[in-house]
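The values are calculated or read from the model by the stated rules, or taken from the named source; none is laboratory data. Here the structure is a predicted model, which means the values were calculated and not measured. Cβ atoms come from the backbone with ideal geometry, glycine included; neighbour counts cover every protein chain shown. These area figures cover heavy atoms from the full protein model, side chains too; ligands, DNA and RNA do not enter into them. Shrake-Rupley method; radii C 1.70, N 1.55, O 1.52, S 1.80 Å.
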Amino acid sequence: MGKLIIIEGLDGSGKSTQLERLYQTLRADGTDCRQVSFPDYEHPSSTLVKMYLNGDFGQKPTDVNAYAASTLYAVDRFASYKQYWGSYYENGGLVLAGRYTTSNAVHQCGKMEKHEWKDFLDWLYDFEYVKVGIPKPDSVIFLDMPIEVSQQLLSKRYHGHEEKKDIHERNTTYLSHCREAALFAAEYSGWQIIPCAEDGQARSIGAIAKDVFCHVKAVCK
């Protein structure tokens, strides 16, 4: 088997940017790798996820319970693994993923009370890594961006058009609870936390990328 490294974070934390930077830096360093991102919006496996995020099943995240929503995302990951990167990984390849099962851990715990988090995480990891059968990550990097900073970055991304945010991005109360859940999941699951803001301002992309690269190189030794 190869290695699977996840870049995780809440909306607006810079996951896609850091994933691409990491991929390019590793390739320049002579390391063969592939990158994937979830949800896999380019393929039909993400159809139900897109419907959920568009609000087709309800306008609030809690309109779809954590277990049902987790299943939608898990099916998308399973299809991607079987069709696009599983063989490469199984033959020793290094796969970098933007989001993964870890996003279910973050966003679905955000719908629950704190006393439910541990049991849900145990269920989730057994469901996806054992029963569904997708690979368990070798390392998860959580990009910790405070909600007030990430909302500023999202507003810039959408050029002030707040209506373009999905049902997760526009609900700051939900996102705040998700961040609390994410920090719990990180400690419980052994994720690497990289701070992405300092004194109320986002750290530079380069500074964060350096921290990410150093961690990944240590994992890949």
Q) Using mean Cβ contacts within 10 Å as the protection proxy, how do 17-25, 38-46 order, highest first? A) 17-25, 38-46
**Q.** Amide proton proximity set for SER37, modelled H, under 5 Å, gap of 5+
**A.** GLY98
**Q.** Net +/- balance of residues flanking PHE78 in space, Cβ distance below 11 Å, scoring K and R +1, D and E -1
**A.** 0
Q) Once you put a point 7 Å from the Cα of GLN59 and another 7 Å from the Cα of HIS43, both along the Cβ direction, what distance in nm separates them? A) 3.5 nm
Q: Order these peptides, 181-187, 137-143, by their mean beta-carbon neighbour count within 10 angstrom, highest first.
A: 137-143, 181-187
Q) Which of the aspartates and glutamates could a cross-linker bridge to LYS217, judged by Cα under 12 Å and excluding same-chain residues fewer than eight apart? A) ASP29
Q: Given a cut-off of 22 Å, name the pairs among LYS131/LYS221; LYS15/LYS131; LYS136/LYS221; LYS50/LYS111; LYS3/LYS50; LYS3/LYS221 whose C-alpha atoms lie farther apart than that in the structure shown.
A: LYS131/LYS221; LYS15/LYS131; LYS3/LYS50
Q: Tell me what the chain gives for mean residue ellipticity at 222 nm when only DSSP H runs of n ≥ 4 count, each as -39,500 (n - 2.57), the sum divided by the residue total, rounded to 500 deg cm²/dmol.
A: -14500 deg cm²/dmol
**Q.** Whole-number accessible area per residue in Å² for the stretch 1-120, which is evaluated in the context of all protein chains at 1.4 Å
**A.** 44 Å²
Q | Inter-label distance for PHE213 and ALA79, nm, one decimal - labels placed 7 Å from Cα along Cα-to-Cβ | A | 3.5 nm
Q. What's the carbon and sulfur percent of the chain's accessible surface, probe 1.4 angstrom, rounded to a whole number?
A. 50 percent
Q. By the scheme Lys and Arg +1, Asp and Glu -1, what is the net charge of all other residues having a beta-carbon under 12 Å from that of LYS210?
A. +2
Q.
How are the alpha carbon pair distances in the chain distributed across 10 Å bins from zero to the largest one, expressed in percent?
A. 8, 34, 39, 18, 1
Q: Take peptides 66-78, 203-215 and line them up by average Cβ neighbours within 10 Å, highest first, as a rough protection proxy.
A: 66-78, 203-215
